[in-house]
Amino acid sequence: MSAHFTIDAPDSALLAALQEKIDQKTKPRGSLGQLEKLARQIGLIQRRLDPQCRQPHLLVFAGDHGAAREGISAYPQEVTWQMVENYLAGGAAINVFARLNHLDLSIVDAGVAHDFGKRPGLIDAKVAPGTANYLEQAAMTAAQCELAISRGATIVRNLAASGCNMVGFGDMGIGNTAAASLITHCLTGTPLAGCIGRGTGLDDAGLQRKQTLLKQALQRYRNGGGNDEPLSVMAEFGGFEMAMMLGAMLAAAEARMLLLIDGFIVGAAALAANRLYPGLTDYCVFCHRSAEPGHQAQLRALGGEPLLDLGLRLGEGTGAALAFPLVKAAVAFLNEMASFASAGVADQA
C-alpha cells in the first residue's frame, strides 16, 4: 500500500486514573457494564479523564458492484443510485436516526453508476461508475483500490481538521453482502457457506444461486493464484465503497478518533483495515450484531463485543446511529455523575 498510516496505541498510562474515576461514581463497581468499558476506551483514545463528543459525523459510502448484474441480490443494481437519492432527500432510515440523535450525515459517492452532479450533503469521490464483475475478473485494479483508500483517508482527515472526533461508517451498494462474504471468508478462514446470508432478503432459491456464484468467484481467484493478503482480497472482490471505508478508518484511527462500526459490510472493511494495522480495533466501537451470519465471523476475528443485538441487517450505518446514544451516555456518566465523596455517599466497606 503506497499510503502509510501511523496508528498509535491509546495512552494506557491513563487507565488506572480512568478506572479510579469510574469506580468512585455513586454506583456499585462494574454495575454499568459495557458503558464502563466504553468510557474507559473513549478516555484512553482522547487521552483525557473528561472525554468529549465533538461534531460526531456519519459517513455513508455508496458504490455499485459489477457482480450485482448476475442476480446475487434480491434487488436490481439501479437501487443503489435510487437509495442515494433517497438519502439526499432525507427519507431513509439513516436520515431519520441521524436527525433523531443530532448526527451530521454525509453521503459519499465512492463509485455509483450514476451522475448525481453537485448536491448538498454529497461528497463526490467516485473512482469509477461501479466495479468490474468479479465472476470474470478482479473487481478493481490495484491502482483503483489505492485511489479509493486515499480518497477515503482524505475525507476523514478533512473531518478531523474541522474538529470532529467521532465518525460513524455506513454503506450502500446492491450486491455488497456478497462481496463482504467473500472478503470475510478469505480474511478469517471461516467456510464460505458460513459467511453467506440472505442480504436484502433472498428466498431459498436466490440464496442457493448466491452461494453457487460466490463459490465460482472464489474458485476463479484461487485458480489464478489468489492469496489472502488483505489488499489483494479487497481489490479482487470488494466495492469502491468498501475500499474507501478502509482508508477512512485508518485515517480516523491515525487522528485518534472514535470509530463507530456498523454491521456486516462496514465490518468487512474494518477486517481488512485491521489486517493491515492491527491497532485499529483499539479505536473501534462495534455498534451492533448483524443478522448476517458472516458478521459473527468478523466479530470473532476482531474481538468485537457489540453494543446492540436487534436483528438488524439494513446497513446504511443505522446500527451506528442507534448505538450513538450509548456513546454519549458513557461520556456523560464519566463527566457528570457524582462521586461518593462529592455526593457524601458512603463507599462500599
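So which aspartates and glutamates pass the test for K210, namely a Cα distance under 12 Å, with those fewer than 8 places away in the same chain ruled out?
Once the sequence-local aspartates and glutamates are set aside, what remains near K210 is E70.
Please give the calculated 222 nm ellipticity per residue for the chain, where each DSSP H segment of at least 4 residues contributes -39500 (n - 2.57) and the sum is spread over every residue; nearest 500 deg cm²/dmol?
-14500 deg cm²/dmol
At 0.36 nm per residue, minus the direct Cα-Cα distance, what do L49 and A193 gain on full extension? Give it in nm, one decimal, please.
47.3 nm
Contact order normalised by length for the range 57-327, with contacts defined as Cα pairs under 8 Å and 6 or more residues apart; what percent is it?
26 percent
In Å and from the alpha-carbon atoms only, list the Rg and Dmax of the range 184-240.
Final numbers for Rg and Dmax: 11.9, 33 Å.
Take the Cβ-Cβ distance between E305 and T212 as r, set R0 to 56 Å, and report the resulting FRET efficiency rounded to the nearest 0.05.
Efficiency for this residue pair is about 0.95.
Between helix 34-46 and the chain, what is the angle of the helix's C-alpha long axis to the longest principal axis, kept within 0 to 90° and rounded to the nearest 10?
90 degrees
For the range 204-220 and the range 107-122, compute the distance between their C-alpha centroids and round to whole Å.
Centre-to-centre distance over Cα atoms comes out at 30 Å.
Please give the helix 264-276 orientation as an angle from the longest Cα principal axis of the chain, in degrees from 0 to 90, rounded to the nearest 10.
For helix 264-276, the angle is close to 80 degrees.
Counting only other residues whose beta carbon sits under 13 Å from that of H114, what net charge do I get with K and R as +1, D and E as -1?
Net charge in that neighbourhood comes out at -4.
Only Lys, Arg, Asp and Glu count, each charged at its Cβ (+1, +1, -1, -1), so figure out the dipole size of the range 57-327 about its Cα centre, rounded to 20 debye.
160 debye
Which angle between 0 and 90 degrees, to the nearest 10, do you get for helix 293-302 versus the longest principal axis of the chain when only C-alpha atoms count?
That helix lies at roughly 50 degrees to the long axis.
Report the net charge of residues surrounding N86, where surrounding means a beta-carbon distance below 15 angstrom and charges are Lys +1, Arg +1, Asp -1, Glu -1.
Summing Lys/Arg as +1 and Asp/Glu as -1 gives -3.
Where Rh denotes the Kirkwood radius from the mean inverse Cα pair distance, what is Rg over Rh for the chain?
Result: Rg/Rh = 1.00.
If the reach is capped at under 12 angstrom between alpha carbons, list the aspartates and glutamates near K126, excluding any in the same chain fewer than eight residues apart.
D64, D109, D115, E241
So for F61, F5, F116, fewest C-beta neighbours within 10 Å to most, what's the order?
So the ranking, lowest neighbour count to highest, is F116, F5, F61.
If you project the alpha carbons of the range 213-349 onto the principal axes, what extent comes out on each, in Å, largest first?
70, 31, 29
Work out how much length R29 to A338 would gain on full extension: take 0.36 nm times their residue separation and subtract the Cα-Cα distance, in nm to one decimal.
That works out to 109.9 nm of additional length.
Which of A17, L246, A153 sits closest to the plus end of the dipole of the chain, meaning its Cα is farthest towards the positive end, when Lys and Arg get +1 and Asp and Glu get -1 on the C-beta?
A17
From the alpha carbon gyration tensor of the range 8-111, can you work out the equivalent ellipsoid semi-axes (sqrt of 5 times each eigenvalue) and give them in Å, largest to smallest?
In descending order the semi-axes read 41, 16, 14 Å.
Which of the lysines could a cross-linker span from K37 if the Cα-Cα distance has to be under 19 Å and same-chain partners fewer than 8 positions apart are dropped?
K21, K25, K27, K328
No value in this document is a laboratory result; all are computed from the given coordinates. Owing to the predicted nature of the structure, the values given are computational and were not obtained by experimental measurement. Every residue, glycine as well, gets a Cβ built from its backbone with ideal geometry; the counts of neighbours run over all protein chains shown.
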